[in-house]
Amino acid sequence: MVETKADDNAKDSVNNDYNAKTLDEKKIEKDINVKTLDEKKIEKDINEKIHDEEKNIEIESKDDYVLKMISAAANTNDDLSLPCLTFRFWVLSTKFYIKNWEFSLNPGPFNYKEHVCIAAAALAGGVSAYAVSIISIQELYYNTHVNFLVGFLLLISTQMIGYGLAGFARKYLVYPTNMIWPQSLVYATMYNTLHGNTSETNDKLRIFYIAFISIFVWQFIPEYMFTWLSSAAILCLIAPNNDVAKTLGSAYKGAGILAFSFDWNAVSSIFPLYTPWWSQVNHLFGIVLATWIIAPLLYYNNIFDAQKFPFLSTRAFDKYGEKYNQTRIMDPTTNSLDVTANENYSPIFMSIMLAACYGYTFMQIPATICHVILFHGKEIWNQFKKTREEENESDIHCKMMSVYPEVPNYWYGAIFFIMLIIAVILGHTSGANLPWWGVFLAVSIAVITLLPIGIIQAISNWQIALSVIVELVCGFILPGRAIANVYFRTYGYMCLSQCLYFVQDLKLGHYMKVPPRSMFTSQIWGTFVGVIVNYWTMQLIIDTKRSYLDGTEVDPSGQWTGLRSGLFNTASIIWGLIGPAKTFGYGSPYNILLWGFLIGGFLPIPFYLLHRKFPNAKFNLVNIPVIFHGLTLFPSTLPNFIVTGFIVSFLSQFYAFRYKEKLWKKYNYVMSAAFDSGSQIMTMVLFICFTGIAQVKFPVWWGNDPSSQGEHCFYS
């Protein structure tokens, strides 16, 4: 029994050892399989990582480019204790003295956040309000005086209605890193330079003062003493009495081919020191294509009877080539179209530059919507899904700004609905005859196009114009109402434009770490004050420059051309009084331009497909909306900046950015801020002391010949 039991125990022990060994082998085999799976997973991860890296090379490169631009301007330091809306903000700097005791209503020294708020208020109020053009054409062309109350309500509602949409747009146009808003980078650099205390900042400040004083003194020469420098028409110097040379070479009356400008106000119109190079190339390509190639070809082939009318003009003409007299086709009691009088007078005609501009504009909005859907659609959707915490983690500036309370949405909503109510009231009571649903429709168009146009502006520095599209819509639904059309246009366009202007300032506050509520208050206050200043300034200019603005006389200096009011008036006739159905409808010579809507929507598609097929070939840098922005820049802008603007932009955004990075990062935005501010202040000085309020004419000589506005382009 014992022996058998021992044998059994030995047998069991052997079996147990065998089973243990088998289990160990299975475990080892399992570990090997797991290891194999892990290795496969690691290999898969590595392959996916390599694939993703290859796929994202371009994205990372683009992100590096964006971060490089931002880091040159925006600071990642913040002082939470700095006040913004001080008494000094409201009344710059006020001190009170009681006997020998002095006290100040401002806490602490003047700081950069306070400076940003003051500048935001000043810029919000210092721009020319778009609705001023409504008042000006009523005064200049419709013989209607607009009193202060109507003017104030019109200006305040058109300037502020778009602010209400900015609250919605913040998530998509302020928080993402790649929404850089190039102009905000310039201002951020300037404030950091003026308020820094390091040796590097002091060096920047020294350069700022030198550049500011230099451009301030220089601008006195091309704007007053030697006006030929504002538009140095080379072709006209070669053949001053040749009509072809004048049409091609003059920047004031022609294509401006090879015309240089040494006037920074002209050169800076394309923002050469801070618009990204890829954007500038697209934009200048559109400008050259429109002005130097297409327009001369159309003109000399007499398309649309082009040679009967001026090459470059914003005015409307009749069949005799004379200025269109809209009072001949208006019912004097209702200011609407008199159909019989219109049939007895003349169809409306345009300069070839203006006709082509409308064709490009029809292409522009469909191209913008298509481009943003194709190239940015996924990005918009991802941003929509992000929480605020995720936004803070993805951007250092968002994370730093999260310590400040945001502006509540109901603040934005209150402004929006108050201004909307004012707009509806004005539509009924001001003589515009714009129904309430017309105001709602105009604002709805702005809402629909806000994100596509906003994204293009945030990355490229160019805002796609909405004005022609809203004019077209109103012209079809409310034909024969000229003033209703310009009201519709202004509320639709300004709702979008002012929203994006507000958002751009919010991005500046983002870079400068200004509390959002302080930035909000600054912009509202500045706009309120600016509306009053705009109204009285407009009345002063009309009283002193009426004959230049309405085209009765030509300003010898070339500065008071009336292009904006002339274009606005022409638009009121084309889209409002006569209507697009007659101007562009069947039987009109301009009917072919309506194909632009279809062409524009198609053009971004080939470049998107090429980008998908060849992701490293940079087809994504071909930006059709920006090209169209260049195409539509004329005739409301003079082409005297093209050559000089290209040279300055190339030197700054291409050469210095790539090959002189340290100098570019240190001085580029500083120089831009100094040049812009210095030239604008000189323009104000000239208006107050020499060419506007006070009239002190410089002696006539070769360099400021009034018969050719200084260009020396004469008819044979």
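Show the residue pairs meeting these rules: Cβ distance below 7 Å; 6+ apart or different chains; first residue within segment 206-218 and in a helix (DSSP H, G or I); second residue surrounded by 12 or more Cβ atoms within 10 Å (Cβ to Cβ) and polar (S, T, N, Q).
Phe208/Thr193; Phe212/Ser677; Ile215/Ser679
If you scan segment 208-220, which residues turn out to be modelled with pLDDT under 95 and surrounded by fewer than 16 Cβ atoms within 10 Å (Cβ to Cβ)?
Tyr209
Hey, Leu284 hits all of (1) under 27 Å from the mean Cα position of the chain (by Cα); (2) more than 27 Å from Lys662 (Cα to Cα); (3) assigned to a helix (DSSP H, G or I) but one; which does it fall short on?
Going through the list (1) under 27 Å from the mean Cα position of the chain (by Cα); (2) more than 27 Å from Lys662 (Cα to Cα); (3) assigned to a helix (DSSP H, G or I), Leu284 breaks only (2).
Criterion first (of a type in the set (Gly, Ala, Ser), part of a loop (DSSP other than H, G, I, E, B) and touching a helix residue (DSSP H, G or I) at 6+ places or on another chain (Cβ under 9 Å)) does Ser313 satisfy it?
yes
Under 8 Å by Cβ, and 6 or more places apart or on different chains, what pairs join a residue from segment 676-694 that is farther than 12 Å from Ser214 by Cα with one that is of a type in the set (A, V, I, L, M) and assigned to a helix (DSSP H, G or I)?
Qualifying pairs under 8 Å: Gly692/Ile541; Gly692/Leu686; Ile693/Leu540; Ala694/Ile688.
Given Ile425, Ile348, Ile418, Ile396, which one is of a type in the set (Val, Ile, Thr), modelled with pLDDT under 95 and surrounded by fewer than 17 Cβ atoms within 10 Å (Cβ to Cβ)? Before the answer, list the steps.
Numbers: Ile425 fails: modelled with pLDDT under 95; Ile348 fails: surrounded by fewer than 17 Cβ atoms within 10 Å (Cβ to Cβ); Ile418 fails: modelled with pLDDT under 95.
Within the list Ile425, Ile348, Ile418, Ile396, the selection yields Ile396.
In segment 451-481, how many are in a loop (DSSP other than H, G, I, E, B) and either touching a helix residue (DSSP H, G or I) at 6+ places or on another chain (Cβ under 6 Å) or within 19 Å of Leu594 (Cα to Cα) (or both)?
Here the count works out to 8.
Output yes when any residue across segment 640-651 is at pLDDT 90 or above, surrounded by fewer than 22 Cβ atoms within 10 Å (Cβ to Cβ) and among the hydroxyl-bearing types (Ser, Thr, Tyr), and no when none is.
Looking through segment 640-651, at least one residue is at pLDDT 90 or above, surrounded by fewer than 22 Cβ atoms within 10 Å (Cβ to Cβ) and among the hydroxyl-bearing types (Ser, Thr, Tyr).
For segment 356-393, give me each residue that is surrounded by fewer than 22 Cβ atoms within 10 Å (Cβ to Cβ), among the polar types (S, T, N, Q) and out of contact with any Cys (no Cβ under 8 Å at 6 or more places or on another chain).
Asn382, Gln383, Thr387
Criterion first (crowded, with 24+ Cβ neighbours inside 10 Å, at pLDDT below 90 and not in a loop (DSSP other than H, G, I, E, B)) does Thr189 satisfy it? Please lay out each step first, then the result.
Numbers: crowded, with 24+ Cβ neighbours inside 10 Å: yes; at pLDDT below 90: yes; not in a loop (DSSP other than H, G, I, E, B): yes.
Yes: the conditions hold for Thr189.
If you take the residues in segment 485-514 that are of a type in the set (Gly, Ala, Ser) and crowded, with 24+ Cβ neighbours inside 10 Å, which one is nearest to Ala442 (Cα to Cα)?
Gly492
Could you tell me which residue of segment 84-114 is surrounded by the fewest Cβ atoms within 10 Å (Cβ to Cβ), considering only residues that are in contact with a Leu (Cβ under 7 Å, 6 or more places away or on another chain) and at pLDDT 60 or above?
Phe87
Considering (1) assigned to a helix (DSSP H, G or I); (2) modelled with pLDDT under 85; (3) not aliphatic (A, V, I, L, M), say which one Ser81 fails and leave the rest.
(1)
Would you please name the residue that is farthest from Thr158 (Cα to Cα), looking only at residues in segment 511-524 that are part of a helix (DSSP H, G or I) and touching a Phe, Trp or Tyr at 6+ places or on another chain (Cβ under 8 Å)?
Initial filter on segment 511-524 (part of a helix (DSSP H, G or I)): 511-512, 516-524.
Okay, now just the ones that are also touching a Phe, Trp or Tyr at 6+ places or on another chain (Cβ under 8 Å), so 512, 516-517, 520, 522-524.
Numbers: Met512: 28, Pro516: 23, Arg517: 22, Phe520: 17, Ser522: 18, Gln523: 14, Ile524: 13 Å.
Across segment 511-524, the extreme among qualifying residues is Met512.
Can you pull out every residue in segment 475-484 that is out of contact with any Gly (no Cβ under 7 Å at 6 or more places or on another chain) and crowded, with 24+ Cβ neighbours inside 10 Å?
Across segment 475-484, there are no qualifying residues.
Every residue, every condition in (1) over 18 Å from the mean Cα position of the chain (by Cα); (2) within 21 Å of Thr193 (Cβ to Cβ); (3) acidic (Asp, Glu), yes or no:
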site	(1), (2), (3)
His611	yes, no, no
Val622	yes, no, no
Phe628	no, no, no
Lys662	yes, yes, no
Phe675	yes, yes, no
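The values are calculated or read from the model by the stated rules, or taken from the named source; none is laboratory data. Note that the coordinates shown come from a computational prediction; the quantities given were computed from them, not determined experimentally. With ideal geometry, Cβ positions are generated from the backbone for all residues, glycine too; neighbour counts draw on all protein chains shown.
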